[in-house]
1. Points 7 angstrom from Cα along the Cβ direction at residue 14 and residue 102: gap in nanometres?
2. Got a sec? What order do 46, 1 fall in by accessible area at 1.4 Å, biggest, i.e. largest, first?
3. Return the FRET efficiency for the residue pair residue 1, residue 72: r is the Cβ-Cβ distance, R0 is 35 Å, and the value is rounded to the nearest 0.05.
4. In straight Cα distance, which lysines are under 27 Å from residue 67, not counting same-chain residues fewer than 8 positions off?
5. At 1.4 Å probe size, what's the solvent-accessible area of residue 18? Round to the nearest 10 Å².
6. When the helices in the chain are scored as -39500 (n - 2.57) per DSSP H run of 4 or longer and the sum is shared across all residues, what 222 nm value do you end up with, to the nearest 500 deg cm²/dmol?
7. Find the cysteines in the chain that fail to meet the 4.7 Å Cβ criterion with every other cysteine, and list them.
8. Among the aspartates and glutamates, which have Cα under 19 Å from the Cα of residue 35 when same-chain residues fewer than 8 positions away are ignored?
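The values are calculated or read from the model by the stated rules, or taken from the named source; none is laboratory data. Only a predicted model underlies this, so the values are computations on that prediction, with no experimental measurement involved. Virtual Cβ from ideal backbone geometry, glycine too; neighbours counted across all protein chains shown. The area values use the complete protein model at the heavy-atom level, side chains included, leaving out ligands, DNA and RNA. Shrake-Rupley method; radii C 1.70, N 1.55, O 1.52, S 1.80 Å.
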Amino acid sequence: MQSVAIGKAAAFPNPGRKVVEVDGTSVGVFCQNGKFTAYENVCPHMGGPVCQGKIIARVQELIAADKTSLGLAFSKDQTNVACPWHGYEFDIATGQHQGNPRLRLRPVPIEVVDGDLVITLPEGTRDRIARSRSQRPREAR
């Protein structure tokens, strides 16, 4: 495991995002309400740079008591990041895709140590990502 300090927690914007490179692996770090999450910058759909996508509130359909639609509204509680390649959206707090529970971002452990943000990558992360990308069918790339 490789642990790397990526900066001061107090200097990180809240809400905010920063994409860092550690040993050839791109990691997206997010802060919401003072809570930090980090994910490998690889979309599970087709490997796009998901953490660099647009950050937006989750869109939810409002349902009346009689089960009819009242239209769409932005969530006040959930924020998503949308992959810039194909628009797949993932909850920043959990990494979970909004419509498919089998799709999720791969989390990277992050903690605050003596005021510094520290992420921890397992050994071989870069090689695992490279292998998974090379195993995709040619037409899916």
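1. With each label point 7 Å from Cα toward Cβ, the separation is 3.9 nm.
2. Details: 46 45, 1 150 Å².
If we order 46, 1 from most to least accessible, we get 1, 46.
3. Details: r = 43 Å, r/R0 = 1.22.
Computed FRET efficiency for residue 1 and residue 72: 0.25.
4. 76
5. Answer for residue 18: close to 90 Å² accessible.
6. Helices in the chain give a 222 nm mean residue ellipticity of -2000 deg cm²/dmol.
7. Lone cysteines by the Cβ rule: 31, 51.
8. 77, 91, 111, 114, 116
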